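The values are calculated or read from the model by the stated rules, or taken from the named source; none is laboratory data. Note that the structure is a prediction, hence the values are computed from the model and not measured. Cβ atoms come from the backbone with ideal geometry, glycine included; neighbour counts cover every protein chain shown. Remember, those area values only see protein heavy atoms, side chains included, never the ligands or the DNA or RNA. Shrake-Rupley method; radii C 1.70, N 1.55, O 1.52, S 1.80 Å.
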Amino acid sequence: MKKIILLFIFPLIVTAQSSYNLNLLGSYEWSNTEGSDIWGWVDPITENEYALVGLNDGFSCVNVTNPSNPIEEFYIPDLNSTWRDIKTWGNFAYVTTEANAGLLIVDLTDMTGNTYWHVNQFINPVSGDSISFTSSHNLYIDENGIIYIYGAKNNGAYVANGGVIFLDASSNAINPYYLGQWNGQYIHDGMARGDTLYAGCIYTGDLYIIDVSNKANASVLGTHPTPNSFTHNAWVSDDGNYVFTTDEQADSYIGSYNISDMNNIQEVDRIQSNPESNSIPHNTHVDGNFLVTSWYRDGTIVHDISNPNNLVQVAYYDSYNGSGDGFDGCWGTYPFLPSGNIISSEINSSNTQTGKLMIYERDFSGACYLEGHVTDGITGNSITGANVVILNTVISNSTFTNLGGAYSCGNADSGTFDVLFSMSGYISDTLQATLINGQIVVLDAVLYVDPNVPILGCMNPLASNYNPNANISSDYGGELNNNFSTGSYFNGDQHLIFDATNDFVIKSAVFYAEDPKFITFELRNSNGIVLDDTTHFVFSGQQQLILNFSVPIGIGMELGISNGNSGLYRNDDGASYPYNIGSIMQITGSSASSSGYYYFYYNIEVEVPCQNISTNIIDQTSSNKELVRILDILGKEVQPSLNQTLFYLFDDGTVEKKIIFK
């Protein structure tokens, strides 16, 4: 399923301080430095709550017990770095940075900030093995006091291949013991529970799940690619059956995965905060039934994950004055304070574009869920790719039916809402649904073919793939040529993205080549796996090439090339997605971060060949079936008439399409 959750219903030009279901209780600003990550700590004696904030030039501890009056208790200056991450074990904070400062360990029982150590060498007291690092990208500490150090370097050279180093803080908090390492991949960020590590391997674009029960010999349990192939962080659900990930790229998604079978990890949903704005998600955290995410220029975002197959946004606070692609705004968030308050760190969201701490009160509850099926009113077949929108909601939303015609979506608020169902080639319909927090409401829809729209399909009633709605057997679409906007010959590896609501064949397309060469053209599924390909020798200039790609029903499929040295023409502006071809192929976008790009394939020819055509002579007089009713193309019951397309429905479930001529 593809799901889109739109954050705003007005132009995204200035969106600062827009919010819903998160209330700002207080804030704290630093005047001369930018912010980075954040964690929280509670004094076990006084029960005071503290925000532990990484800054470019050091580490800050802020008392947020009274959220309307946060007070900085102390600040520890350190080597300058954009990256500074914090976790806690007991009464100690552990701080990593990509500056050569080692691991900063801070005693939080001393609120003067004068008790701390920089440590860069770690020894196993039993084996005598040791390891040194002067910098690292991130860290995590599990419930047993095991520290996971990610992306470590020693004076600029990777240690453990940038994977993970295991340290034990439970035995010695100020001088953790070295336990082992895993060097299979560079790990950017991750979290662990029990004996399992959930890692974001950013450069391979994969979620890695690793058995770390033996710290000297960790092993991979399973992997899965994430939606935008730049896996930043991962967090496991409380029941251990699902994992949620972020990709730190423009226009990326939160991914939701069923990991109950490590050998067959399944993506079950994905969602965006602000589609088509190119905003970037950063760090996500599971807090019970909710997922709290720092989303750079979109701020702090909350989703209900009680149904991991249907993520629903229920709250947000947009803390940055601006939107779109960029590493500004909210770096990190921490939702685990006993008070229930959520604290978030801002890179540069203050009025002076410096670091800022935000303290939020929760005002959200469980989501309302809407599910159902969309079917064709004539054939009764499921409709793939139909758009479903709950109208007039504060957090606007849009979703599409899957390959079985099913959809699932939801809303933050209860009440009665209009729901719009639409699909290329069909007449749209609006139904009503009464949504209830924490409950699933089922709403099915039936759509009828629009007689004024071309429907591509097999029109032979003797074929096994006969489509009574079809009125054309072939069609052309996409951009007609490359003259619609600016562009140039391109040697990068990019592609068009499209949905297919029926099986069909891409017969040909027009291409523009800079130089003579061999090029392999590819049809791929949504995971980038090649389904069909063909190789041509291209000449300089414009040419139409035969492709004959057999396209199955699918969503998010790709039209591309086998490598990035094609020298084919692409437009860098002006593309107007989606492009509908015969109501069965919809080009929804491209792999570029900018929505205006259009890649390689022009004037695409699409055809639905008729299959398994029967040549048997049928004795109609011996048939025992009885006519039930006659429908016109709009699905209305009518009497037989001349020169009209009519559908005869029989009691055995068969349908015959007839046109009676005088």
Legend entry - Considering residues of region 404-460 that are of a type in the set (Asp, Glu) and within 23 Å of ASN471 (Cα to Cα) only, the residue least open to solvent (accessible area, probe 1.4 Å): ASP450
Legend entry - For HIS373: the one exception among (1) modelled with pLDDT under 95; (2) touching a Gly at 6+ places or on another chain (Cβ under 8 Å); (3) crowded, with 17+ Cβ neighbours inside 10 Å: (1)
Legend entry - Meets criteria (in a strand (DSSP E or B) and either surrounded by 17 or more Cβ atoms within 10 Å (Cβ to Cβ) or among the β-branched types (Val, Ile, Thr) (or both)) for TYR489: no
Legend entry - Where ILE383 falls short, out of the listed (1) buried (at least 18 other Cβ atoms within 10 Å of the Cβ); (2) modelled with pLDDT of 95 or more; (3) over 22 Å from the mean Cα position of the chain (by Cα); (4) not acidic (Asp, Glu): (2)
Inset, instruction - Go through region 193-205 and give me each residue that's of a type outside the set (Ser, Thr, Tyr) and either on the phi > 0 side of the Ramachandran plot or surrounded by fewer than 22 Cβ atoms within 10 Å (Cβ to Cβ) (or both). - result: ARG193, GLY194, ASP195, GLY205
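Quick grid of which residues meet (1) in contact with a strand residue (DSSP E or B) (Cβ under 8 Å, 6 or more places away or on another chain); (2) under 22 Å from THR134 (Cβ atoms):
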| site | (1), (2) |
| --- | --- |
| SER31 | no, no |
| THR46 | no, no |
| ASN56 | yes, yes |
| ASN69 | yes, no |
| ILE86 | yes, yes |
| GLY90 | no, no |
| ALA93 | yes, yes |
Legend entry - Close pairs from region 274-295: first over 18 Å from TYR257 (Cβ atoms), partner buried (at least 24 other Cβ atoms within 10 Å of the Cβ) and among the charged types (D, E, K, R), Cβ under 7 Å, at least 6 apart: ASN274/ASP298; SER279/ARG297; SER279/ASP298
Legend entry - Subset of region 18-46 that is small (Gly, Ala, Ser) and in a strand (DSSP E or B) - its residue that is surrounded by the most Cβ atoms within 10 Å (Cβ to Cβ): GLY35
Inset, instruction - Return the residue satisfying two criteria in turn: it lies in region 337-370 and is open to solvent by 20 Å² or more (accessible area, probe 1.4 Å) and within 26 Å of the chain's Cα centre (by Cα), and of such residues it is farthest from LEU447 (Cα to Cα). - result: ARG362
Legend entry - Flag for VAL538 being aliphatic (A, V, I, L, M), closer than 16 Å to ASN482 by Cβ and open to solvent by less than 20 Å² (accessible area, probe 1.4 Å): yes
Inset, instruction - Might you check whether a residue that is on the phi < 0 side of the Ramachandran plot, acidic (Asp, Glu) and not in a loop (DSSP other than H, G, I, E, B) occurs anywhere in region 401-417? - result: no
Legend entry - Subset of region 169-192 that is part of a strand (DSSP E or B) and of a type in the set (Ser, Thr, Tyr) - its residue that is least open to solvent (accessible area, probe 1.4 Å): TYR178
Inset, instruction - Tell me which of these ARG297 doesn't satisfy, since it passes every other one: (1) open to solvent by less than 40 Å² (accessible area, probe 1.4 Å); (2) farther than 19 Å from GLY205 by Cβ. - result: (1)
Inset, instruction - Search region 296-320 for residues being out of contact with any Phe, Trp or Tyr (no Cβ under 8 Å at 6 or more places or on another chain) and assigned to a loop (DSSP other than H, G, I, E, B), and hand back the single one that is nearest to SER350 (Cα to Cα). - result: SER319
Legend entry - Looking only at region 541-573, and only at residues there that are touching a residue at least 60 places away in the same chain (Cβ under 8 Å) and among the aliphatic types (A, V, I, L, M), the one that is surrounded by the fewest Cβ atoms within 10 Å (Cβ to Cβ): ILE553
Inset, instruction - Output the number of residues of region 76-90 satisfying the condition of being touching a Ser or Thr at 6+ places or on another chain (Cβ under 8 Å), open to solvent by 50 Å² or more (accessible area, probe 1.4 Å) and over 20 Å from SER344 (Cβ atoms). - result: 2
Inset, instruction - Sort through GLU98, GLU49 and tell me the only one that's buried (at least 18 other Cβ atoms within 10 Å of the Cβ), closer than 26 Å to TYR203 by Cα and of a type in the set (D, E, K, R). - result: GLU98
Legend entry - Complete set of residues in region 103-148 that are outside any strand (DSSP E or B), surrounded by fewer than 21 Cβ atoms within 10 Å (Cβ to Cβ) and polar (S, T, N, Q): THR109, THR112, ASN114, THR115, ASN120, ASN124, SER127, ASN144
Legend entry - Extreme residue, modelled with the highest pLDDT, among residues of region 494-504 that are over 21 Å from the mean Cα position of the chain (by Cα) and not polar (S, T, N, Q): PHE504
Legend entry - Subset of region 549-593 that is of a type in the set (S, T, N, Q) and in a strand (DSSP E or B) - its residue that is nearest to ASP532 (Cα to Cα): SER550
Legend entry - Residue check, VAL220 crowded, with 17+ Cβ neighbours inside 10 Å, more than 13 Å from the chain's Cα centre (by Cα) and hydrophobic (A, V, I, L, M, F, W, C): no
Inset, instruction - Could you please find all residues in region 418-443 being assigned to a loop (DSSP other than H, G, I, E, B), farther than 27 Å from ALA315 by Cα and more than 25 Å from the chain's Cα centre (by Cα)? - result: GLY425, SER428
Inset, instruction - Of all residues in region 321-336, count the ones that are open to solvent by less than 20 Å² (accessible area, probe 1.4 Å) and either of a type in the set (A, V, I, L, M, F, W, C) or assigned to a strand (DSSP E or B) (or both). - result: 4
Inset, instruction - For region 465-474, state whether one or more residues are surrounded by fewer than 21 Cβ atoms within 10 Å (Cβ to Cβ) and within 21 Å of ALA575 (Cβ to Cβ). - result: no
Legend entry - Among the residues listed as GLU98, GLU73, the single one being of a type outside the set (Val, Ile, Thr), at pLDDT 95 or above and in contact with a Ser or Thr (Cβ under 8 Å, 6 or more places away or on another chain): GLU98
Inset, instruction - Scan region 58-72 for residues that are over 17 Å from ILE105 (Cβ atoms) and touching a Phe, Trp or Tyr at 6+ places or on another chain (Cβ under 9 Å) and jot them down. - result: VAL62, ASN63, VAL64, THR65, PRO67, PRO70, ILE71, GLU72
